Amino acid sequence: MNLRILDIIPKSFRAKGVWVSLTIFVRALLNFVGLAALLPMLYLILDAESIHSNASLHTIYEAFNFSSESQFAIAVAVAVVLFIVIKNLINLLLYRVERDYIYALYRTLSRNLFVSYFGQGLQFVKGENSAVLSRNVNVVCYTFITGVLRPLATLASEVILLLMIFVSIAIYSPLGAALAVAVFIPVALLYFAIMRYRLDLYGNVENEAQRRKYRDVIESFRGYADIEINNAFGHRLSLFDRELDTIVKVGRKSATISMLPQNLTETGLALGMAVLLALGTSMGGADMKMLFGVFAVAGLRLLPSARNIMGAWSSLRYNRYTIDILDKADDVKAELKEASSERLSFNDKIELRNLSFRFDNGTHETLHNLSLTIAKGEKVGINGESGAGKTTLLNILLGLYSPTEGGLYVDGKQLCGEELRKWQNSIGYVSQSTFLTDSTILSNIALGCDEKDIDMAQVEQCIEAASLSEFVASLPNGIHTRIGECGALLSGGQRQRIGIARALYKQADILFFDEATSSLDNATEQSINSAIERLSSSNSELTIVVVAHRDSSLGYCDRIITLEKTN
């Protein structure tokens, strides 16, 4: 598991991890020294005469010329308290190194996973559940940090401290060390043996239930109208309740398990002290009394240490599923390259040469050996029956799908790598269901631009060209009006017009329309088609490619390409 965790951590964080490991060791050492600092007070409590009988205490007593044993005892107590305070302050400073490292790593992992998922392309995104991908980016990365890495750091620190305490007890009294081993090791082994597989199971079960619940909620809100009309909310709620019941059931068991380390270690400590008490009663002597005191003081630190180790181990097992998810994510450590704003010049024609396309999980080719040319300034329509590959062809032209065979060429240059990004910077796109963010009309038209960088004059021109001026003028906040999630506060025609205005704002050389009016009523469709036709008439250099299944949407095209299904 450790090697898999190391593989998940980006290389830039591995060197820093060495320093974090060092702080963990220093913190453990400070905690051990802090525990050892309590021993002088223990000597004075159990045996006041130890001031003179203990060589170290007597030397300090004489060196500082204390006038009485009580004055010395107070001075020792004050010194120990001050040391503990200073030790704790240093511990806090060292912990900040660990804390900052862990949360910086979370930020990087979450961002990189987001980049990784997005960078795998449209086929990957369409083939996965968006709710699951969202949860992995937002929740799983955080859980990996808080439920795996932080417990791992706690485990390392507490194990080091535990070993130091044990070695010290063994040097002082082999009997005390043997007793500590006899008490705590069987308790820990029993806990690990019983809980190991249960924690793995509970963690996986909860993760799957959380994923399904997350998906059910998103789908229910997204499909509100259909769910309400079909009286399906009761069924959706029952699915939600089922997953919620699973989460609650697992949570109860997990909560019970989290209490076991404390109960087991307290029982072990009480048992060890009972054994020492019995030995002290039968054997007597100051040494046995001191051993009892040392064991009690050590036990006060052993108890939370053993409990923290068991708790950290439980968290590691319970959240182990996050390692599997991050380990399976392709290129999870990939960094986002700086996006180029450079555009690809388009002066002559677009070509598809002997192009074929098959989906990754497809059994046959959607497009086979297709060749076509689109000249600059041409208005081309693409139609065909459902399943003929119209949208697939458009996605290839947009650079969202890569051909299985053949290629896409612009002015004789094949599009791939950086050229593909330049091409996408040069084109505008309006889909059947225009993507809109839950923000203002302005932000949606100038998608991806900071408001301070938006050319307001150009926005006004695009609004006019997309026949949005009258609508925007009627709004109390104009272009600064929020439009709701997915443009829920707009009509279908208004959403599509914003999509057209967005494509125009890019000052694109070529506009692609994918069934942009298919979901609209006839009057709205005709209005938008008229707006597109006006755009075409006003700019003879503008190239337009329209995918549609209705001939009425292709009336202004110079020619129409009809696709047929492949065998």
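Yes or no: region 91-99 includes at least one residue that is at pLDDT 70 or above, under 25 Å from residue 157 (Cα atoms), among the aromatic types (Phe, Trp, Tyr) and surrounded by 12 or more Cβ atoms within 10 Å (Cβ to Cβ). Spell out how you get there, then give the answer.
Our first condition is that a residue be at pLDDT 70 or above; within region 91-99, this holds for 91-99.
Filter once more, so that each one left must be under 25 Å from residue 157 (Cα atoms): 91-99.
Restricting the remaining residues to those that are among the aromatic types (Phe, Trp, Tyr) gives 95.
Next, from what is left, pick out any that are surrounded by 12 or more Cβ atoms within 10 Å (Cβ to Cβ): 95.
Within region 91-99, one or more residues are at pLDDT 70 or above, under 25 Å from residue 157 (Cα atoms), among the aromatic types (Phe, Trp, Tyr) and surrounded by 12 or more Cβ atoms within 10 Å (Cβ to Cβ).
Pairs please, first residue from region 63-79 and in the same structural domain as residue 38 (by TED's automatic domain parsing), second anywhere and surrounded by 12 or more Cβ atoms within 10 Å (Cβ to Cβ) and not in a helix (DSSP H, G or I), Cβ atoms under 6 Å, 6+ apart in sequence or on different chains.
Hits for this filter: 72/66.
Given the criterion in the same structural domain as residue 324 (by TED's automatic domain parsing), surrounded by 14 or more Cβ atoms within 10 Å (Cβ to Cβ) and either closer than 19 Å to residue 156 by Cα or at pLDDT below 85 (or both), identify the matching residue among 113, 105. Give the steps one after another, and end with the answer.
Numbers: 113 fails: either closer than 19 Å to residue 156 by Cα or at pLDDT below 85 (or both).
Of 113, 105, the one residue that is in the same structural domain as residue 324 (by TED's automatic domain parsing), surrounded by 14 or more Cβ atoms within 10 Å (Cβ to Cβ) and either closer than 19 Å to residue 156 by Cα or at pLDDT below 85 (or both) is 105.
Please pick out the residue among 443, 433 that is surrounded by 20 or more Cβ atoms within 10 Å (Cβ to Cβ) and touching a Cys at 6+ places or on another chain (Cβ under 9 Å).
Selected residue: 443, the only one of 443, 433 that is surrounded by 20 or more Cβ atoms within 10 Å (Cβ to Cβ) and touching a Cys at 6+ places or on another chain (Cβ under 9 Å).
Tell me which residues, restricted to region 519-567, are modelled with pLDDT under 75, more than 44 Å from the chain's Cα centre (by Cα) and of a type in the set (A, V, I, L, M, F, W, C).
The one that is modelled with pLDDT under 75, more than 44 Å from the chain's Cα centre (by Cα) and of a type in the set (A, V, I, L, M, F, W, C): 523.
Return the residues of region 1-39 that are at pLDDT below 80, in a loop (DSSP other than H, G, I, E, B) and surrounded by 15 or more Cβ atoms within 10 Å (Cβ to Cβ); say none if nothing qualifies.
37, 38, listed by residue number.
When you check residue 389 against the structure, is it surrounded by 19 or more Cβ atoms within 10 Å (Cβ to Cβ) and at pLDDT below 85, yes or no?
yes
Could you check, for region 50-66, whether at least one of its residues is modelled with pLDDT under 65 and surrounded by fewer than 16 Cβ atoms within 10 Å (Cβ to Cβ)?
Yes, there is a match, as at least one residue in region 50-66 is modelled with pLDDT under 65 and surrounded by fewer than 16 Cβ atoms within 10 Å (Cβ to Cβ).
Of all residues being within 35 Å of the chain's Cα centre (by Cα) and of a type in the set (D, E, K, R) in region 452-496, which is farthest from residue 530 (Cα to Cα)? Just the residue, please.
For region 452-496, the residue satisfying everything is 452.
Restricting to region 353-380, name every residue that is in contact with a Lys or Arg (Cβ under 7 Å, 6 or more places away or on another chain) and part of a strand (DSSP E or B).
371, 373, 374, 375, 380
I need the full set of residues from region 436-456 which are among the hydrophobic types (A, V, I, L, M, F, W, C) and either more than 20 Å from residue 478 (Cα to Cα) or free of Cβ contacts under 8 Å to residues at least 40 places away in the same chain (or both), in order please. Explain how you work it out, then say what you get.
Going residue by residue through region 436-456, those that are among the hydrophobic types (A, V, I, L, M, F, W, C) are 436, 441-442, 445-447, 449, 454, 456.
Residues satisfying the conditions are 442, 449, 454, 456.
Can you find a residue in region 409-422 that is closer than 26 Å to residue 526 by Cβ, modelled with pLDDT of 85 or more and not in a loop (DSSP other than H, G, I, E, B)?
no
Please count how many residues of region 528-549 are assigned to a loop (DSSP other than H, G, I, E, B) and aliphatic (A, V, I, L, M).
Residues of region 528-549 that are assigned to a loop (DSSP other than H, G, I, E, B), as a first pass: 539-542, 548-549.
Narrowing the set further to residues that are aliphatic (A, V, I, L, M) leaves 542, 548.
So the count comes out to 2.
Given 203, 147, which one is at pLDDT 80 or above, in contact with a Gly (Cβ under 9 Å, 6 or more places away or on another chain) and either more than 28 Å from residue 94 (Cβ to Cβ) or surrounded by 15 or more Cβ atoms within 10 Å (Cβ to Cβ) (or both)? If you could, list the steps in order and put the result at the bottom.
Values: 203 fails: at pLDDT 80 or above.
Answer to the selection: 147.
Please count how many residues of region 352-386 are among the small types (Gly, Ala, Ser), modelled with pLDDT of 85 or more and within 38 Å of the chain's Cα centre (by Cα).
Taking region 352-386 first, the residues among the small types (Gly, Ala, Ser) are 356, 362, 371, 375, 377, 381, 384, 386.
Going one step further and asking which of them are modelled with pLDDT of 85 or more, we end up with 356, 371, 375, 377, 381.
Checking the rest, the ones that are also within 38 Å of the chain's Cα centre (by Cα) come to 356.
Adding up the residues that qualify gives 1.
With region 438-495 as the region, which helices (runs of 4 or more DSSP H) entirely inside it contain at least 3 residues that are within 22 Å of residue 538 (Cα to Cα) and not charged (D, E, K, R)? Walk me through how you get there before you give the answer.
Numbers: elements: 441-445, 456-465, 469-473.
Passing ranges, in order: 456-465.
The values are calculated or read from the model by the stated rules, or taken from the named source; none is laboratory data. Quick caveat, the model's predicted, so the values are computed rather than measured. Because the Cβ atoms are built from the backbone with ideal geometry, glycine has one as well, and the counts that use them run over all protein chains shown.
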